[in-house]
Amino acid sequence: MHLSPPIDQPSNPNYEQDIAFVTNLNKWVLNSIGIWPAVLSGNYKLLPKVLIAVSNVVLFFTLMQCVLHITLEQKDPLLRLKFLGLTCFSFISLMKYWALIVRKPMIKYCVEQVQDDWKQIKFERDRKLMMAYGKMGRNLSLLSSVFMYSGGIIYHTVMQNTLGSYVDEQNRTIKLLIYPTYNALYDVQRTPVYELVYVLQCLCGYIFDTTAVGPCGLAALFATHICGQIDIVLSRLDELAAGEQRGKSDSYGGLIKIVDHHLKILRFSATVEAVLREVCLLEFVGSTFVICLLEYYCITDWNENNKISLITYSLLLISLTFNMFLLCYIGDLLIEKSSKMGVYCFMIDWFNLPTRTIQGLILIIAMSSNSAKISAGSIIDLSLSTFASVLKTSFAYLNFIRNTIV
(Lines give C-alpha, C1' and ligand atoms only; values in the text may rest on other atoms or scores of the structure.)
Protein backbone atom coordinates (compact mmCIF):
# COMPACT_ATOMS: atom_id res chain seq x y z
CA MET A 1 0.00 0.00 0.00
CA HIS A 2 1.30 3.45 -0.95
CA LEU A 3 1.85 5.80 1.98
CA SER A 4 1.66 9.53 1.41
CA PRO A 5 4.56 11.57 2.84
CA PRO A 6 3.99 13.41 6.12
CA ILE A 7 2.61 16.91 5.87
CA ASP A 8 5.73 18.51 7.43
CA GLN A 9 8.12 16.78 5.03
CA PRO A 10 10.23 19.55 3.46
CA SER A 11 10.03 20.29 -0.26
CA ASN A 12 13.38 22.08 -0.07
CA PRO A 13 16.15 19.58 0.80
CA ASN A 14 18.52 22.44 1.74
CA TYR A 15 16.10 24.22 4.05
CA GLU A 16 18.14 23.69 7.23
CA GLN A 17 21.23 25.32 5.71
CA ASP A 18 19.13 28.08 4.14
CA ILE A 19 17.32 28.91 7.38
CA ALA A 20 20.58 28.89 9.32
CA PHE A 21 22.16 31.24 6.76
CA VAL A 22 19.42 33.87 6.90
CA THR A 23 18.66 33.71 10.64
CA ASN A 24 21.89 32.83 12.47
CA LEU A 25 23.16 36.40 12.88
CA ASN A 26 19.87 37.58 14.40
CA LYS A 27 19.74 34.41 16.48
CA TRP A 28 23.17 35.02 18.01
CA VAL A 29 22.39 38.68 18.76
CA LEU A 30 18.92 38.23 20.28
CA ASN A 31 19.72 35.00 22.11
CA SER A 32 22.18 36.94 24.27
CA ILE A 33 19.36 39.03 25.77
CA GLY A 34 16.73 36.27 25.84
CA ILE A 35 14.52 37.57 22.99
CA TRP A 36 15.08 35.00 20.26
CA PRO A 37 12.39 32.26 20.45
CA ALA A 38 14.76 29.39 21.18
CA VAL A 39 13.43 25.92 21.99
CA LEU A 40 15.33 24.72 25.07
CA SER A 41 14.81 21.81 27.43
CA GLY A 42 15.95 20.67 30.87
CA ASN A 43 17.92 23.13 32.97
CA TYR A 44 18.37 25.45 29.98
CA LYS A 45 14.64 26.07 29.67
CA LEU A 46 14.78 28.98 32.12
CA LEU A 47 17.87 30.54 30.52
CA PRO A 48 15.97 33.17 28.43
CA LYS A 49 14.04 34.32 31.53
CA VAL A 50 17.29 34.55 33.50
CA LEU A 51 18.90 36.61 30.73
CA ILE A 52 15.89 38.94 30.61
CA ALA A 53 15.96 39.39 34.40
CA VAL A 54 19.71 40.06 34.48
CA SER A 55 19.48 42.50 31.56
CA ASN A 56 16.69 44.46 33.25
CA VAL A 57 18.65 44.70 36.51
CA VAL A 58 21.77 45.93 34.70
CA LEU A 59 19.80 48.51 32.70
CA PHE A 60 18.00 49.78 35.80
CA PHE A 61 21.31 49.92 37.70
CA THR A 62 22.80 52.27 35.12
CA LEU A 63 19.72 54.33 34.32
CA MET A 64 18.76 55.14 37.91
CA GLN A 65 22.29 56.24 38.76
CA CYS A 66 22.35 58.53 35.72
CA VAL A 67 19.07 60.14 36.80
CA LEU A 68 20.19 60.54 40.44
CA HIS A 69 23.56 61.97 39.42
CA ILE A 70 22.02 64.57 37.09
CA THR A 71 19.29 65.68 39.50
CA LEU A 72 21.15 65.57 42.85
CA GLU A 73 24.91 65.74 42.31
CA GLN A 74 25.97 67.32 39.03
CA LYS A 75 25.95 71.13 38.98
CA ASP A 76 27.87 71.86 35.75
CA PRO A 77 25.25 72.63 33.03
CA LEU A 78 27.45 71.34 30.17
CA LEU A 79 28.14 68.04 31.94
CA ARG A 80 24.45 67.78 32.78
CA LEU A 81 23.67 68.13 29.09
CA LYS A 82 26.19 65.43 28.21
CA PHE A 83 24.79 63.07 30.80
CA LEU A 84 21.28 63.92 29.62
CA GLY A 85 22.08 62.41 26.22
CA LEU A 86 23.37 59.26 27.89
CA THR A 87 20.31 59.07 30.14
CA CYS A 88 17.95 59.55 27.20
CA PHE A 89 19.70 56.79 25.23
CA SER A 90 19.54 54.50 28.27
CA PHE A 91 15.84 55.15 28.83
CA ILE A 92 14.97 54.59 25.15
CA SER A 93 17.00 51.36 25.12
CA LEU A 94 15.14 50.10 28.20
CA MET A 95 11.79 50.90 26.60
CA LYS A 96 12.80 49.14 23.37
CA TYR A 97 13.88 46.10 25.37
CA TRP A 98 10.51 45.96 27.12
CA ALA A 99 8.75 46.30 23.76
CA LEU A 100 10.75 43.34 22.42
CA ILE A 101 9.86 41.28 25.50
CA VAL A 102 6.14 42.03 25.05
CA ARG A 103 6.32 41.16 21.34
CA LYS A 104 8.34 37.97 21.83
CA PRO A 105 5.36 35.62 21.07
CA MET A 106 4.74 37.47 17.80
CA ILE A 107 8.45 37.35 16.96
CA LYS A 108 8.28 33.59 17.46
CA TYR A 109 5.31 33.35 15.09
CA CYS A 110 7.13 35.39 12.40
CA VAL A 111 10.32 33.32 12.70
CA GLU A 112 8.30 30.11 12.41
CA GLN A 113 6.56 31.50 9.31
CA VAL A 114 9.93 32.31 7.73
CA GLN A 115 11.17 28.81 8.49
CA ASP A 116 8.01 27.24 7.07
CA ASP A 117 8.28 29.23 3.83
CA TRP A 118 11.88 28.14 3.35
CA LYS A 119 10.91 24.58 4.13
CA GLN A 120 8.12 24.46 1.53
CA ILE A 121 10.05 25.80 -1.48
CA LYS A 122 9.35 23.50 -4.43
CA PHE A 123 11.45 24.94 -7.25
CA GLU A 124 15.11 25.88 -7.40
CA ARG A 125 14.31 29.17 -9.13
CA ASP A 126 12.13 30.15 -6.14
CA ARG A 127 14.96 29.24 -3.79
CA LYS A 128 17.31 31.50 -5.77
CA LEU A 129 14.85 34.39 -5.58
CA MET A 130 14.52 34.02 -1.80
CA MET A 131 18.25 33.48 -1.31
CA ALA A 132 19.05 36.74 -3.10
CA TYR A 133 16.91 38.66 -0.63
CA GLY A 134 18.10 36.45 2.24
CA LYS A 135 21.67 37.54 1.52
CA MET A 136 20.55 41.16 1.43
CA GLY A 137 18.83 40.83 4.82
CA ARG A 138 21.89 39.13 6.32
CA ASN A 139 24.21 41.85 4.96
CA LEU A 140 21.98 44.62 6.32
CA SER A 141 21.95 42.95 9.75
CA LEU A 142 25.73 42.57 9.60
CA LEU A 143 26.22 46.24 8.73
CA SER A 144 24.02 47.30 11.64
CA SER A 145 25.99 45.03 14.00
CA VAL A 146 29.38 46.27 12.82
CA PHE A 147 28.51 49.96 13.17
CA MET A 148 26.71 49.74 16.52
CA TYR A 149 29.09 47.35 18.28
CA SER A 150 32.18 49.17 16.94
CA GLY A 151 30.88 52.48 18.29
CA GLY A 152 30.00 50.85 21.62
CA ILE A 153 33.39 49.14 22.01
CA ILE A 154 35.28 52.34 21.25
CA TYR A 155 33.12 54.32 23.68
CA HIS A 156 33.63 51.81 26.51
CA THR A 157 37.39 51.43 25.97
CA VAL A 158 38.92 54.52 24.37
CA MET A 159 36.58 56.95 26.15
CA GLN A 160 37.15 55.20 29.48
CA ASN A 161 40.93 55.48 29.12
CA THR A 162 40.61 59.11 28.06
CA LEU A 163 38.68 60.04 31.20
CA GLY A 164 41.56 58.94 33.45
CA SER A 165 41.53 60.33 37.00
CA TYR A 166 42.03 63.53 38.97
CA VAL A 167 42.93 64.61 42.53
CA ASP A 168 40.12 66.34 44.43
CA GLU A 169 40.33 69.03 47.12
CA GLN A 170 40.73 66.34 49.80
CA ASN A 171 43.81 64.95 48.02
CA ARG A 172 41.96 61.80 46.92
CA THR A 173 42.52 60.22 43.52
CA ILE A 174 39.13 60.06 41.80
CA LYS A 175 38.84 57.53 38.98
CA LEU A 176 36.14 58.39 36.49
CA LEU A 177 33.70 56.08 34.73
CA ILE A 178 31.96 56.41 31.38
CA TYR A 179 28.53 56.32 33.07
CA PRO A 180 27.92 58.57 36.09
CA THR A 181 27.40 56.98 39.49
CA TYR A 182 25.54 58.15 42.58
CA ASN A 183 28.05 58.40 45.42
CA ALA A 184 25.42 58.27 48.19
CA LEU A 185 24.73 54.60 47.36
CA TYR A 186 28.30 53.29 47.61
CA ASP A 187 31.95 54.32 47.35
CA VAL A 188 32.82 53.58 43.76
CA GLN A 189 36.51 54.40 44.31
CA ARG A 190 37.07 51.33 46.44
CA THR A 191 38.55 48.17 44.98
CA PRO A 192 37.00 45.92 43.71
CA VAL A 193 33.82 48.05 43.61
CA TYR A 194 35.25 50.26 40.85
CA GLU A 195 36.20 47.28 38.68
CA LEU A 196 32.84 45.57 39.26
CA VAL A 197 30.89 48.71 38.34
CA TYR A 198 32.98 49.13 35.19
CA VAL A 199 32.23 45.55 34.12
CA LEU A 200 28.51 46.11 34.74
CA GLN A 201 28.64 49.30 32.69
CA CYS A 202 30.31 47.45 29.81
CA LEU A 203 27.60 44.79 30.02
CA CYS A 204 25.00 47.54 30.04
CA GLY A 205 26.58 49.06 26.94
CA TYR A 206 26.37 45.70 25.18
CA ILE A 207 22.66 45.45 25.99
CA PHE A 208 22.13 49.02 24.73
CA ASP A 209 23.80 48.17 21.42
CA THR A 210 21.92 44.87 21.13
CA THR A 211 18.54 46.57 21.60
CA ALA A 212 19.52 48.77 18.63
CA VAL A 213 20.91 45.98 16.45
CA GLY A 214 18.17 43.43 17.26
CA PRO A 215 15.14 45.33 15.86
CA CYS A 216 17.10 46.37 12.79
CA GLY A 217 18.10 42.74 12.20
CA LEU A 218 14.52 41.54 12.63
CA ALA A 219 13.26 44.22 10.23
CA ALA A 220 15.89 43.19 7.66
CA LEU A 221 15.09 39.49 8.07
CA PHE A 222 11.31 39.83 7.80
CA ALA A 223 11.20 42.59 5.16
CA THR A 224 13.61 40.85 2.78
CA HIS A 225 11.70 37.60 3.29
CA ILE A 226 8.50 39.40 2.24
CA CYS A 227 10.30 40.80 -0.81
CA GLY A 228 11.42 37.30 -1.77
CA GLN A 229 7.88 35.98 -1.44
CA ILE A 230 6.58 38.86 -3.60
CA ASP A 231 9.11 37.97 -6.30
CA ILE A 232 7.80 34.41 -6.27
CA VAL A 233 4.24 35.70 -6.74
CA LEU A 234 5.39 37.91 -9.62
CA SER A 235 7.03 34.93 -11.31
CA ARG A 236 3.76 33.02 -10.92
CA LEU A 237 1.92 35.86 -12.68
CA ASP A 238 4.37 35.62 -15.57
CA GLU A 239 3.81 31.86 -15.77
CA LEU A 240 0.04 32.39 -15.63
CA ALA A 241 0.01 34.61 -18.73
CA ALA A 242 2.60 32.56 -20.62
CA GLY A 243 0.83 29.27 -19.85
CA GLU A 244 -2.54 30.60 -20.98
CA GLN A 245 -1.00 31.85 -24.21
CA ARG A 246 0.33 28.36 -24.94
CA GLY A 247 -2.93 26.78 -23.79
CA LYS A 248 -1.15 24.63 -21.21
CA SER A 249 -2.46 25.90 -17.88
CA ASP A 250 -5.58 26.31 -15.81
CA SER A 251 -5.39 30.10 -15.48
CA TYR A 252 -8.21 30.43 -12.95
CA GLY A 253 -6.84 27.68 -10.71
CA GLY A 254 -3.41 29.28 -10.92
CA LEU A 255 -4.88 32.67 -10.05
CA ILE A 256 -6.53 31.22 -6.93
CA LYS A 257 -3.12 29.99 -5.75
CA ILE A 258 -1.56 33.39 -6.49
CA VAL A 259 -4.26 35.27 -4.58
CA ASP A 260 -3.92 32.85 -1.65
CA HIS A 261 -0.15 33.36 -1.61
CA HIS A 262 -0.59 37.14 -1.83
CA LEU A 263 -3.03 37.14 1.10
CA LYS A 264 -0.54 35.11 3.12
CA ILE A 265 2.14 37.72 2.40
CA LEU A 266 -0.17 40.58 3.44
CA ARG A 267 -1.09 38.85 6.71
CA PHE A 268 2.56 38.20 7.47
CA SER A 269 3.41 41.84 6.63
CA ALA A 270 0.73 43.08 9.04
CA THR A 271 2.17 40.87 11.80
CA VAL A 272 5.70 42.15 11.15
CA GLU A 273 4.44 45.75 11.29
CA ALA A 274 2.77 45.00 14.65
CA VAL A 275 5.99 43.43 16.00
CA LEU A 276 8.15 46.45 15.13
CA ARG A 277 5.62 49.25 15.67
CA GLU A 278 6.57 50.32 19.21
CA VAL A 279 10.28 49.65 18.79
CA CYS A 280 10.46 51.77 15.64
CA LEU A 281 8.56 54.61 17.33
CA LEU A 282 11.05 54.63 20.19
CA GLU A 283 13.94 54.41 17.73
CA PHE A 284 12.50 57.30 15.71
CA VAL A 285 12.00 59.59 18.72
CA GLY A 286 15.20 58.53 20.49
CA SER A 287 17.39 58.85 17.41
CA THR A 288 16.10 62.34 16.67
CA PHE A 289 16.95 63.57 20.17
CA VAL A 290 20.20 61.64 20.74
CA ILE A 291 21.60 62.48 17.28
CA CYS A 292 20.93 66.14 18.05
CA LEU A 293 22.85 65.92 21.35
CA LEU A 294 25.74 63.99 19.76
CA GLU A 295 26.03 66.71 17.12
CA TYR A 296 26.24 69.28 19.91
CA TYR A 297 28.91 67.24 21.75
CA CYS A 298 30.98 67.06 18.55
CA ILE A 299 30.77 70.84 18.10
CA THR A 300 31.80 71.58 21.69
CA ASP A 301 34.69 69.07 21.55
CA TRP A 302 35.82 70.59 18.25
CA ASN A 303 35.87 74.06 19.82
CA GLU A 304 37.75 72.73 22.85
CA ASN A 305 40.16 70.74 20.62
CA ASN A 306 39.31 67.54 22.50
CA LYS A 307 40.30 65.14 19.73
CA ILE A 308 39.71 61.79 21.45
CA SER A 309 36.26 62.76 22.68
CA LEU A 310 35.45 64.25 19.26
CA ILE A 311 36.38 61.03 17.46
CA THR A 312 34.42 58.90 19.94
CA TYR A 313 31.25 60.99 19.74
CA SER A 314 31.58 61.19 15.95
CA LEU A 315 31.69 57.39 15.71
CA LEU A 316 28.64 57.12 17.99
CA LEU A 317 26.86 59.69 15.83
CA ILE A 318 27.67 57.74 12.67
CA SER A 319 26.56 54.48 14.28
CA LEU A 320 23.16 55.77 15.44
CA THR A 321 22.55 57.66 12.19
CA PHE A 322 23.44 54.64 10.08
CA ASN A 323 21.22 52.36 12.16
CA MET A 324 18.28 54.72 11.67
CA PHE A 325 19.10 54.91 7.95
CA LEU A 326 19.04 51.11 7.68
CA LEU A 327 15.60 50.91 9.32
CA CYS A 328 14.24 53.57 6.97
CA TYR A 329 15.89 51.92 3.95
CA ILE A 330 14.34 48.57 4.86
CA GLY A 331 10.93 50.22 5.24
CA ASP A 332 11.34 51.99 1.91
CA LEU A 333 12.36 48.73 0.20
CA LEU A 334 9.27 46.98 1.56
CA ILE A 335 6.90 49.75 0.43
CA GLU A 336 8.44 49.89 -3.04
CA LYS A 337 8.43 46.12 -3.55
CA SER A 338 4.90 45.50 -2.29
CA SER A 339 3.45 48.34 -4.37
CA LYS A 340 4.79 46.70 -7.54
CA MET A 341 2.21 43.93 -7.34
CA GLY A 342 -0.57 46.06 -8.80
CA VAL A 343 1.67 47.60 -11.46
CA TYR A 344 2.95 44.17 -12.48
CA CYS A 345 -0.60 42.94 -13.11
CA PHE A 346 -0.82 45.61 -15.85
CA MET A 347 2.52 44.59 -17.36
CA ILE A 348 1.75 40.94 -18.05
CA ASP A 349 -0.20 39.85 -21.15
CA TRP A 350 -3.48 39.98 -19.27
CA PHE A 351 -5.44 40.46 -22.48
CA ASN A 352 -4.75 36.79 -23.33
CA LEU A 353 -6.44 35.62 -20.14
CA PRO A 354 -10.09 34.62 -19.74
CA THR A 355 -12.50 37.28 -18.47
CA ARG A 356 -12.97 35.57 -15.11
CA THR A 357 -9.20 35.52 -14.54
CA ILE A 358 -8.87 39.20 -15.50
CA GLN A 359 -11.50 40.04 -12.90
CA GLY A 360 -9.37 38.20 -10.35
CA LEU A 361 -6.38 40.35 -11.32
CA ILE A 362 -8.43 43.42 -10.44
CA LEU A 363 -8.69 42.03 -6.91
CA ILE A 364 -4.90 41.76 -6.67
CA ILE A 365 -4.54 45.34 -7.94
CA ALA A 366 -7.00 46.58 -5.30
CA MET A 367 -5.21 44.67 -2.53
CA SER A 368 -1.83 46.06 -3.66
CA SER A 369 -2.99 49.64 -3.08
CA ASN A 370 -2.49 48.98 0.64
CA SER A 371 1.21 48.22 0.47
CA ALA A 372 3.21 46.45 3.17
CA LYS A 373 5.15 48.83 5.44
CA ILE A 374 7.01 49.30 8.70
CA SER A 375 5.61 52.15 10.77
CA ALA A 376 6.72 54.02 13.84
CA GLY A 377 3.80 53.53 16.21
CA SER A 378 1.32 53.60 13.30
CA ILE A 379 2.04 57.34 13.13
CA ILE A 380 4.66 57.61 10.39
CA ASP A 381 5.84 55.06 7.82
CA LEU A 382 9.57 54.40 7.79
CA SER A 383 11.09 55.37 4.44
CA LEU A 384 14.04 57.37 3.12
CA SER A 385 11.93 60.54 3.36
CA THR A 386 11.40 59.72 7.04
CA PHE A 387 15.17 59.50 7.52
CA ALA A 388 15.54 62.93 5.94
CA SER A 389 12.92 64.24 8.39
CA VAL A 390 14.92 62.81 11.32
CA LEU A 391 18.05 64.65 10.18
CA LYS A 392 16.17 67.91 9.60
CA THR A 393 14.52 67.73 13.02
CA SER A 394 17.79 66.91 14.78
CA PHE A 395 19.48 69.93 13.15
CA ALA A 396 16.57 72.14 14.21
CA TYR A 397 16.93 70.94 17.82
CA LEU A 398 20.69 71.47 17.56
CA ASN A 399 20.24 75.14 16.64
CA PHE A 400 17.78 75.54 19.53
CA ILE A 401 20.26 74.03 22.03
CA ARG A 402 23.14 76.12 20.77
CA ASN A 403 21.14 79.35 20.99
CA THR A 404 19.86 78.41 24.46
CA ILE A 405 23.27 77.46 25.89
CA VAL A 406 25.11 80.40 24.33
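A few points about this structure:
- Set of the range 14-29 residues, backbone N closer than 13 Å to the point 7 Å along the Cα-Cβ line of Leu47: 28-29
- The range 130-219: trypsin sites (Lys or Arg not before Pro) in DSSP coil with no more than 13 other Cβ atoms inside 10 Å: Arg172, Arg190
- The magnitude of the dipole of the range 113-168, with charges of +1 and -1 set on the Cβ of Lys/Arg and Asp/Glu and taken from the Cα centre, is near 480 debye.
- Surface composition of the chain: carbon and sulfur atoms hold 63% of the protein heavy-atom accessible area at a 1.4 Å probe.
- Long hydrophobic helices in the chain: the complete DSSP H runs spanning 30 Å or more by Cα along their own axis with mean Kyte-Doolittle hydropathy of at least 0.5 are 47-68, 77-102, 193-246, 251-303, 307-347, 384-405.
- Max mean-square fluctuation residue, GNM over the chain, Cα-Cα springs under 10 Å, options Ala274, Ala376, Ala184: Ala184
- Each peptide in 332-340, 45-53 was scored by the mean count of other Cβ atoms within 10 Å over its residues; highest first, the order is 332-340, 45-53.
- Choice from Ser287, Ser368, Ser55 showing the highest fluctuation, given a GNM over the chain with Cα pairs closer than 10 Å: Ser368
- Given charges at beta-carbon only (K, R positive; D, E negative), |dipole| of the chain in Debye: 360 debye
- Dipole magnitude for the range 186-307: computed about the Cα centre from +1 point charges on Lys and Arg Cβ and -1 point charges on Asp and Glu Cβ, it is near 480 debye.
- Note on the range 257-406: dipole from Cβ charges, positive end direction compared against Leu316, Leu276, Ser368; the farthest Cα belongs to Ser368.
- Surface accessible to a 1.4 Å probe, Val57 within the full protein complex, Å²: 100 Å²
- Inter-label distance for Asn370 and Leu263, nm, one decimal - labels placed 7 Å from Cα along Cα-to-Cβ: 1.3 nm
- Per residue of the chain, the DSSP helices (runs of n ≥ 4 H) give a summed -39500 (n - 2.57) that works out to -27000 deg cm²/dmol at 222 nm.
- The gain in end-to-end length when the Lys119 to Leu163 segment is fully stretched comes to 10.6 nm, 0.36 nm per residue minus the alpha carbon separation.
- Most positive-pole-ward Cα, Ile401, Phe123, Asn303, against dipole of the chain from beta carbon charges: Phe123
- The chain, accessible area per residue, ligands and nucleic acids excluded (1.4 Å, Å²): 50 Å²
- Cα gyration tensor category, rounded, prolate or oblate, for the range 82-161 with a/c compared to 1.5: oblate
- For the chain, with +1 on Lys and Arg beta carbons and -1 on Asp and Glu, the positive-most of Phe387, Asn12, Val285 along the dipole: Asn12
The values are calculated or read from the model by the stated rules, or taken from the named source; none is laboratory data. Since the structure is predicted, the reported quantities are computational estimates derived from the model, not experimental observations. Cβ sites come from the backbone with ideal geometry, for glycine too, and all protein chains shown count toward neighbours. Accessible surface areas use protein heavy atoms only, side chains included; no ligands, DNA or RNA. Shrake-Rupley method; radii C 1.70, N 1.55, O 1.52, S 1.80 Å.
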